[in-house]
Amino acid sequence: MQFLKKVFELYIFSNIHVAVGTFCLVKITLLSYGISENKTAFFVLFSTISAYNFIRLYRITDIAYWFSDWLKSNKVVLYIITSISILTSLFLALSFQLKAFLWLLPFGIFTFFYVLPFPFKNIPLRNIAGIKLFLIAISFAGITVLFPLVQNDMTINLNAWIHFIQRFLFVMLITIPFDIRDLHVDNKSLNTLPQMVGLKKTKIIGVLLGVLIVMLEYLKQPIEVNQMIIIFLIVIFSILFLINSKEKQSKYYSAFWVESMPIFWFLLIILGINM
């Protein structure tokens with residue numbers, strides 16, 4: 001049992017779980033356009049592991065003490081996982097189109113300077129008051145919607161932009177529980193949403209984000225009933241997770257359960273396709 005717990009924690013805290021989530025988000029995008037290729041999704045998966053582990057290790061003294069202790073005791077394994085992920089990402093990148101990387105570039109810059117000092121401000125982008133949540137959401141939306149579509153020669157039309165906005169709002173919605181969890185860790189100068197408006201108003205805003213995601217589905221052409229039902233279910237579950245989130249939460253609540261929403265979404269789509 002202890003061994004299984006260690007494996008489970010390695011899966012979550014080495015960012016494999018969040019990377020599987022980004023894999024699923026890319027697949028959701030591609031499947032909505034009838035595209036079944038996997039290379040782009042695997043590139044995003046391994047790039048996510050690389051980027052997140054770099055961010056975590058760089059901020060090792062700026063996180064909850066129990067998590068910092070876990071990172072320190074598993075540094076060697078994390079370096080191995082990160083090194084393999086970087087090499088795999090570079091190998092997969094060799095076959096991608098230049099135009100896809102040009103679309104990926106701004107979101108890659110956002111990720112790179114998330115913790116490293118940004119040249120014009122000389123501070124990490126995450127430390128600029130009030131933009132942490134938006135930075136995460138726009139990066140995820142660009143990397144999991146626009147990048148895979150351009151790589152597969154799809155036109156970035158109105159439907160694609162609606163998809164992008166929905167993904168942006170969805171990532172905001174499932175990131176808010178993390179901001180609630182980190183209220184006692186995040187510096188007050190970050191001005192995260194819970195810091196600025198409090199827990200109650202933050203949850204109300206999250207509910208409104210969910211409503212907006214569903215409403216935007218009606219703007220797509222054509223409207224697909226199955227997709228509408230799936231979007232509705234995903235939003236309902238995400239809102240329930242948000243409503244039940246609190247500052248003192250289990251270390252698995254956000255890191256595993258909330259982060260599982262993209263995987264659940266992908267599974268619903270697979271079941272819908274095969275029905």
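The values are calculated or read from the model by the stated rules, or taken from the named source; none is laboratory data. Quick caveat: nothing in here was measured; it's all calculated off a predicted structure. Cβ placement follows ideal geometry from the backbone for every residue including glycine, while neighbour counts extend to all protein chains displayed.
List of remarks:
- Test set (1) of a type in the set (Ser, Thr, Tyr); (2) over 19 Å from Ala137 (Cβ atoms); (3) surrounded by 14 or more Cβ atoms within 10 Å (Cβ to Cβ) - Ser250 fails condition number: (3)
- Residue among Gly198, Gly272 that alone is among the small types (Gly, Ala, Ser), farther than 18 Å from Phe134 by Cβ, part of a helix (DSSP H, G or I) and at pLDDT below 90: Gly272
- Selected residue (only one of Ser36, Ser47 is modelled with pLDDT of 85 or more and not in a helix (DSSP H, G or I)): Ser36
- Tabulated pairs, the stretch 9-22, first under 15 Å from Phe178 (Cβ atoms), second surrounded by fewer than 20 Cβ atoms within 10 Å (Cβ to Cβ) and among the β-branched types (Val, Ile, Thr), C-beta under 7 angstrom, 6+ apart or interchain: Gly21/Ile263
- Here Ser238 qualifies as under 16 Å from the mean Cα position of the chain (by Cα) and on the phi < 0 side of the Ramachandran plot.
- The set of residues from the stretch 142-159 being hydrophobic (A, V, I, L, M, F, W, C) and either outside any helix (DSSP H, G or I) or under 15 Å from Lys39 (Cβ atoms) (or both) comprises Ile143, Phe147, Leu149, Val150, Met154, Ile156.
- In the stretch 110-156, the residues that are at pLDDT 80 or above and more than 14 Å from the chain's Cα centre (by Cα): Ile131, Leu146, Phe147, Pro148, Leu149, Val150, Gln151, Asn152, Asp153, Met154, Thr155, Ile156
- Pairs meeting the criteria (first residue in the stretch 85-114 and farther than 23 Å from His17 by Cα, second residue part of a helix (DSSP H, G or I) and charged (D, E, K, R), beta carbons under 9 Å, at least 6 apart or on different chains) are Ser95/Lys39; Phe96/Lys39.
- Of all residue pairs spaced 6 or more apart or on separate chains, those with beta-carbon atoms under 6 Å, a first member in the stretch 147-163 that is more than 12 Å from Trp103 (Cα to Cα) and a second member that is of a type outside the set (A, V, I, L, M) are Met154/Tyr33; Asn159/Lys220; Ile162/Lys220.
- Residue list for the stretch 223-269, filter: assigned to a loop (DSSP other than H, G, I, E, B) and among the β-branched types (Val, Ile, Thr): Ile223
- The residue that is nearest to the chain's Cα centre (by Cα), among those in the stretch 1-17 that are closer than 18 Å to Lys75 by Cα and among the polar types (S, T, N, Q), is Asn15.
- Scanning the stretch 205-218 for residues that are exposed (fewer than 14 other Cβ atoms within 10 Å of the Cβ) and closer than 19 Å to Val171 by Cβ yields a count of 3.
- Search result, residues across the stretch 234-268 that are closer than 20 Å to Val145 by Cα and out of contact with any Ser or Thr (no Cβ under 8 Å at 6 or more places or on another chain): Ile234, Val235, Ser238, Glu259, Ser260, Ile263, Phe264, Trp265, Phe266, Leu267, Leu268
- When Thr40, Thr29 are checked against the criterion of being crowded, with 20+ Cβ neighbours inside 10 Å and over 15 Å from the mean Cα position of the chain (by Cα), Thr40 stands alone in meeting it.
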